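The values are calculated or read from the model by the stated rules, or taken from the named source; none is laboratory data. Just so it is clear, the structure is predicted and the values come from calculations on it, not from any experiment. FYI the Cβ positions are ideal-geometry reconstructions off the backbone, even for glycines, and counts take in every protein chain you see. Side chains included, ligands, DNA and RNA excluded: accessible areas come from the protein's heavy atoms. Shrake-Rupley method; radii C 1.70, N 1.55, O 1.52, S 1.80 Å.
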Amino acid sequence: ALRAAYPVLEQMLGQESFAGLARDLWHAHPPVKGDIAVWGGQLADFICQSAQLQSEAYLPDVARAEWALHLCTSAPDRDADLATLALLTTEDPKELGLSLAPGLGTISSVWPLATLMLAHLERQPSLEEAGQQLRNPNPQEVVIWRTGYQPRLRLAMAGEIELLGALHSGVALEPAVETAVGLDFSQWLPMAVQTGVVLGSMHLQLPSGKDILSN
């Protein structure tokens, strides 16, 4: 069950070590629900507390990214309505929000997390390049979301984490964009729509009580 949620971690540790880690986690945090697929979310914190894995300090962030990808698969479906993007050309951006992909999440890491994950999941970049970056680590931020039924992960653009966090919290588009220092919104939006991060636009419920639409 744990292998299904953490394939990258198993590759990094090897099958035998990963099996031992799974047994230890089972004893420390046994399942509390009948569906075994929802067990294992404590693994990142468990690794942090493991004396044997202290030298591999990047592993907890790998576990966090894999669990987020795993949760994406069961996130509630959300239909795209790209026609609503026309609102961006006619309505006040202080009253609009963006509808985001199911399972959307972000992780900020002091490690080259996107490089590590993509090297193991897609073999691009290579494992050799990932190893080189790990020896001279630079912080990376990742975006995790689902397109159709496919969980996806990529390196975040500058300022994108702040933008997505604000939008996810219900902040209107204009102030959300203002938090995204270094992000070119005119370049980001077409990419986000094409890749399924953004599913449409919507009116927000404003404190004034105006009778407006909401997704």
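The table below gives the values:
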| quantity | calculated |
| --- | --- |
| Whole-percent carbon and sulfur share, accessible surface of the chain, 1.4 Å | 53 percent |
| Cα-only Debye scattering, region 103-194: base-10 log of I(q)/I(0) at q = 0.17, 0.23 Å⁻¹ | -0.79, -1.18 |
| Val197 long-range amide H proximity, modeled H, under 5 Å | none |
| Residue-span extension gain [Tyr149 to Tyr58] - 0.36 nm each, minus C-alpha spacing | 30.0 nm |
| Spin-label pair Ala22/Ala51, simplified geometry with 7 Å Cα→Cβ offset, distance in nm | 2.6 nm |
| Two-site label geometry, Ala1 and Gln132: point separation in nm, points 7 Å out along Cα→Cβ | 4.2 nm |
| For Tyr58, solvent-accessible area (1.4 Å; no DNA, RNA or ligand), Å² | 40 Å² |
| Exposure of Val193 as accessible area (Å², to 10), given a probe of 1.4 Å and all protein chains | 40 Å² |
| Karplus-derived HN-Hα couplings along region 79-95 (A = 6.51, B = -1.76, C = 1.60, θ = phi - 60°), whole Hz, x at Gly and Pro | 6, 6, 9, 5, 4, 5, 5, 4, 4, 5, 9, 10, 10, 6, x, 6, 10 |
| For region 19-171, convex hull volume per residue from C-alpha positions, Å³ | 149 Å³ |
| For region 108-168 and region 1-33, distance of Cα centres in Å | 22 Å |
| Residue-averaged 222 nm ellipticity for the chain, from DSSP H runs of 4+ at -39500 (n - 2.57), nearest 500 | -12000 deg cm²/dmol |
| Accessible area of region 103-215 divided out per residue, in Å², using a probe of 1.4 angstrom | 53 Å² |
| Area of Ser108 that stays accessible when all protein chains are in place (1.4 Å probe, Å², to 10) | 80 Å² |
| Efficiency of FRET from Cβ geometry, Gln205 and His168, R₀ 22 Å, rounded to 0.05 | 0.90 |
| Leading residue at positive end of dipole, the chain (Cβ point charges), from Val62, Ala51, Ala180 | Ala51 |
| Shape category assigned to region 1-83 from the gyration tensor of Cα positions, a/c cut at 1.5 | prolate |
